[in-house]
């Protein structure tokens, strides 16, 4: 049986090219419209229950995402991957999604 926090991992995996290109690139911010139906099919959250903000510094979470399975799955997907964990080094990254299912990502170099 699938654990609750793994409901959204497939969605994040399917967007790995977006994350890779952004983290490797020079742009400081980007956004991508995601498909609401993917989230509603994967989980049973109420309207607006998919909203989150995830903050990472050097690949470590700096905000509390314990109340959001969507954010926890994204964090776990990125941090558990040695490839993405390496790309997150020496960066402060903020990833958020609003009620409109627009994924927004920002980064800035550390030190």
Exercise for the section: Kindly establish whether residue 56 is touching a residue at least 24 places away in the same chain (Cβ under 8 Å) and touching a helix residue (DSSP H, G or I) at 6+ places or on another chain (Cβ under 7 Å). Expected result: no
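Results for (1) over 11 Å from the mean Cα position of the chain (by Cα); (2) modelled with pLDDT of 95 or more; (3) closer than 20 Å to residue 108 by Cα, shown as yes or no for each residue.
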site	(1), (2), (3)
58	yes, yes, yes
63	yes, yes, yes
78	no, yes, yes
81	yes, yes, no
84	yes, yes, yes
96	no, yes, yes
Problem - Positions within the stretch 15-48 being more than 24 Å from residue 83 (Cβ to Cβ), touching a helix residue (DSSP H, G or I) at 6+ places or on another chain (Cβ under 8 Å) and free of Cβ contacts under 8 Å to residues at least 40 places away in the same chain, in sequence order - result: 43, 45
Fill in the blank from the handout: Pairs returned, first residue in the stretch 93-109 that is on the phi > 0 side of the Ramachandran plot, second residue that is surrounded by fewer than 17 Cβ atoms within 10 Å (Cβ to Cβ) and assigned to a strand (DSSP E or B), beta-carbon separation under 9 angstrom, 6 or more apart or interchain, are 101/33
Practice task
Being in a loop (DSSP other than H, G, I, E, B) and buried (at least 21 other Cβ atoms within 10 Å of the Cβ) is the filter here, so list the residues in the stretch 55-77 that pass it.
Solution key: 68
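The values are calculated or read from the model by the stated rules, or taken from the named source; none is laboratory data. Source: prediction; values computed, not measured. When we count neighbours, we look across all protein chains shown, and the Cβ atoms used for this are built from the backbone with ideal geometry, even at glycine.
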